[in-house]
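I have placed the structure first, in the form of structure tokens, so that the comments after it can refer back to it.
The values are calculated or read from the model by the stated rules, or taken from the named source; none is laboratory data. What you see is a predicted model; the values in this text were computed from it and never measured. FYI the Cβ positions are ideal-geometry reconstructions off the backbone, even for glycines, and counts take in every protein chain you see.
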Ligand code: F6R
């Protein structure tokens, strides 16, 4: 949450800071600000609202050094006074991503020392603390080091000061931060996306690292204060990958990119087959001893984990548990020996998930497999094994292509367990390979049904509530469909296992309740149809997403969409119409699709 960018150059950095902030707006967008340092003078420009408003307010600004921030409020309402940067004394500017947990104690101490606070934020404490330390040491680096030693919580900080007019300092603990190097210019940001327009040369800072940036170099110090070298990697990501192109929204673009994202993610699995090597060199040995798989994730990634539970249980003889990361942290779950923790995350920076993984390591002798869309993220660096999803940068706050590619990786993981345990015939494995090969095309064919879904959306946009139903691997997809509709169209929606309907939610069904159902042609079809007849009898409007033949099976349904292919990969394919349904409903309601209210993409606070 919150995005920070910093730049030091021999040219005006204001356009770069604004461009970087725009690319970070997915991390927060309730207020924004710039702190500039030129000729030893500080300038601060802050607005309540979007980066576009900040750009208007800073049209005449120019400076070779600056820090910038886009906010997702944690302490204090969105307002200009709470927007970053915050001022320490009259010489320090600070931008911050994260939460300072001991801010109340620090604030009380600083107030006793005579500091006056003008905001409700925890960040202002940091700015005054550095100022106070600077009075003692007269050295900005020493003052920042002494200050961060007193901070508890998670933070990435960017600091500028008139006392070091040619310098920027940044520091991270628990929140992501990368450095970028150009020709006689340096940048930092909470996400590489913000730096792609300027440089592909990126250094990932480690936990506790601090960097002192001047025109000639960026000197990094580790958590112990010792100078260190960190590898600088040249990325191979096209800056155009963050362009909207001809699309109206990033979410629309990212939905359309799913066939290609799946093809990239599945490429190695289709070349190698379902081999443990797909998950890293240690995987063969670790997988061969496994008895239990514990999946940890949040939000949509958690739904992907729930689908995987059905797949793994069906294909192998492993016991599988799936936990919401924020709950697992505070449960007393035991981890038997030979447990594999599968941590699923688009961003690899979700604070609840990172804490859950660390807590799992304390509970037993576990191995950790990260399934993640961001290489070199905090999660991938902490894991023993990594399987990347190759979805490309996902900017829309609602996860689409990252979720779909997580499912693809999880399916290959389940099939790999099955193959290693010799629980599956050669014919079935070949059948899976064949289905995965055809998956991108089935996806494109399903997305081609967009016009029909858009008509459903027209009807749904008038609803106040909606129910989503599914069974087996499609139950988590019902949860995912409901989540998508809630978060971007602001319609109250619930996902249920269809068999649960009669245990409570049926009481809600009448002619005003749209009921969106995903159904396969399999051993559970008759059971789902019985559930649907119960809905029909109470006047509920049934929107059925099924396999070929579904319309004939449910002539009483209000609308039916038959999607091509499906079978074992139904969970992947049936997600697509639900994404499109949420998207078009949101468009019809005129909500801010890519930046839904109160949400941010990368949730780096607890
Ligand atoms: C919903 C959504 C969120 C994320 C969740 C976990 O559309 O995007 O629910 O899935 O915040 O984020 P990651 O996967 O980055 O750990």
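Go through (1) surrounded by fewer than 24 Cβ atoms within 10 Å (Cβ to Cβ); (2) in a loop (DSSP other than H, G, I, E, B); (3) within 14 Å of the ligand (Cβ to nearest atom) and name the single condition residue 336 misses.
(3)
Test residue 429 against the criterion of being assigned to a helix (DSSP H, G or I), within 11 Å of the ligand (Cβ to nearest atom) and either under 17 Å from the mean Cα position of the chain (by Cα) or surrounded by fewer than 19 Cβ atoms within 10 Å (Cβ to Cβ) (or both), and give yes or no.
Details: assigned to a helix (DSSP H, G or I): yes; within 11 Å of the ligand (Cβ to nearest atom): no; either under 17 Å from the mean Cα position of the chain (by Cα) or surrounded by fewer than 19 Cβ atoms within 10 Å (Cβ to Cβ) (or both): yes.
No.
Considering each of 33, 28, 76 in turn, give the residue that is surrounded by fewer than 18 Cβ atoms within 10 Å (Cβ to Cβ) and assigned by TED's automatic domain parsing to the domain that holds residue 153. If you could, list the steps in order and put the result at the bottom.
Numbers: 33 fails: surrounded by fewer than 18 Cβ atoms within 10 Å (Cβ to Cβ); 28 fails: surrounded by fewer than 18 Cβ atoms within 10 Å (Cβ to Cβ).
Exactly one residue qualifies, and that residue is 76.
As an exercise: evaluate residue 295 against (1) touching a strand residue (DSSP E or B) at 6+ places or on another chain (Cβ under 6 Å); (2) in a helix (DSSP H, G or I) and give the number of the one condition it does not meet.
(2)
Have a look at 398, 391, 415, 435 and point out the one that is farther than 23 Å from residue 286 by Cα, in contact with a helix residue (DSSP H, G or I) (Cβ under 6 Å, 6 or more places away or on another chain), away from the ligand (no atom under 16 Å from the Cβ) and not assigned by TED's automatic domain parsing to the domain that holds residue 237.
Working: 398 fails: away from the ligand (no atom under 16 Å from the Cβ); 391 fails: away from the ligand (no atom under 16 Å from the Cβ); 415 fails: farther than 23 Å from residue 286 by Cα.
Selected residue: 435, the only one of 398, 391, 415, 435 that is farther than 23 Å from residue 286 by Cα, in contact with a helix residue (DSSP H, G or I) (Cβ under 6 Å, 6 or more places away or on another chain), away from the ligand (no atom under 16 Å from the Cβ) and not assigned by TED's automatic domain parsing to the domain that holds residue 237.
Take residue 255 and tell me if it is more than 30 Å from residue 152 (Cβ to Cβ), part of a helix (DSSP H, G or I) and touching a helix residue (DSSP H, G or I) at 6+ places or on another chain (Cβ under 8 Å).
Working: more than 30 Å from residue 152 (Cβ to Cβ): yes; part of a helix (DSSP H, G or I): yes; touching a helix residue (DSSP H, G or I) at 6+ places or on another chain (Cβ under 8 Å): yes.
Answer is yes for this residue.
What is the number of the single condition among (1) without any contact (Cβ under 8 Å) to a residue 40 or more places away in the chain; (2) within 27 Å of residue 326 (Cβ to Cβ); (3) more than 16 Å from the ligand (Cβ to nearest atom); (4) touching a helix residue (DSSP H, G or I) at 6+ places or on another chain (Cβ under 9 Å) that residue 592 does not meet?
In the conditions (1) without any contact (Cβ under 8 Å) to a residue 40 or more places away in the chain; (2) within 27 Å of residue 326 (Cβ to Cβ); (3) more than 16 Å from the ligand (Cβ to nearest atom); (4) touching a helix residue (DSSP H, G or I) at 6+ places or on another chain (Cβ under 9 Å), residue 592 misses (3) alone.
Out of the range 339-379, which residues are part of a loop (DSSP other than H, G, I, E, B), touching a residue at least 40 places away in the same chain (Cβ under 8 Å), surrounded by fewer than 22 Cβ atoms within 10 Å (Cβ to Cβ) and within 16 Å of the ligand (Cβ to nearest atom)? Walk me through how you get there before you give the answer.
Applying the first criterion (part of a loop (DSSP other than H, G, I, E, B)) to the range 339-379 yields 346-350, 364-366, 373-377.
Filter once more, keeping what is touching a residue at least 40 places away in the same chain (Cβ under 8 Å): 346-347, 349-350, 366, 376-377.
Now narrow it down to the ones that are surrounded by fewer than 22 Cβ atoms within 10 Å (Cβ to Cβ): 366, 376.
If the condition is that a residue be part of a loop (DSSP other than H, G, I, E, B), touching a residue at least 40 places away in the same chain (Cβ under 8 Å), surrounded by fewer than 22 Cβ atoms within 10 Å (Cβ to Cβ) and within 16 Å of the ligand (Cβ to nearest atom), then 376 is the only one that fits.
Looking at 269, 285 in this structure, which one is over 22 Å from the mean Cα position of the chain (by Cα), surrounded by fewer than 14 Cβ atoms within 10 Å (Cβ to Cβ) and assigned to a helix (DSSP H, G or I)?
Numbers: 269 fails: surrounded by fewer than 14 Cβ atoms within 10 Å (Cβ to Cβ).
Selected residue: 285, the only one of 269, 285 that is over 22 Å from the mean Cα position of the chain (by Cα), surrounded by fewer than 14 Cβ atoms within 10 Å (Cβ to Cβ) and assigned to a helix (DSSP H, G or I).
Just to be sure, is residue 119 touching a residue at least 40 places away in the same chain (Cβ under 8 Å), touching a helix residue (DSSP H, G or I) at 6+ places or on another chain (Cβ under 8 Å), assigned by TED's automatic domain parsing to the domain that holds residue 210 and more than 20 Å from residue 207 (Cα to Cα)?
Values: touching a residue at least 40 places away in the same chain (Cβ under 8 Å): yes; touching a helix residue (DSSP H, G or I) at 6+ places or on another chain (Cβ under 8 Å): no; assigned by TED's automatic domain parsing to the domain that holds residue 210: yes; more than 20 Å from residue 207 (Cα to Cα): yes.
So residue 119 does not fit the description; no.
How about the range 218-249: which of its residues are in contact with a helix residue (DSSP H, G or I) (Cβ under 8 Å, 6 or more places away or on another chain) and within 26 Å of residue 484 (Cα to Cα)? Can you show your working first?
At the first step, the residues of the range 218-249 found to be in contact with a helix residue (DSSP H, G or I) (Cβ under 8 Å, 6 or more places away or on another chain) are 221, 225, 235, 237, 242, 244-245, 247-249.
242, 244, 245, 247, 248, 249, listed by residue number.
Within the group 479, 485, which residue is surrounded by fewer than 24 Cβ atoms within 10 Å (Cβ to Cβ), at pLDDT 95 or above and within 16 Å of the ligand (Cβ to nearest atom)? Quick ask: steps written out before the conclusion?
Working: 485 fails: surrounded by fewer than 24 Cβ atoms within 10 Å (Cβ to Cβ).
Of 479, 485, the one residue that is surrounded by fewer than 24 Cβ atoms within 10 Å (Cβ to Cβ), at pLDDT 95 or above and within 16 Å of the ligand (Cβ to nearest atom) is 479.
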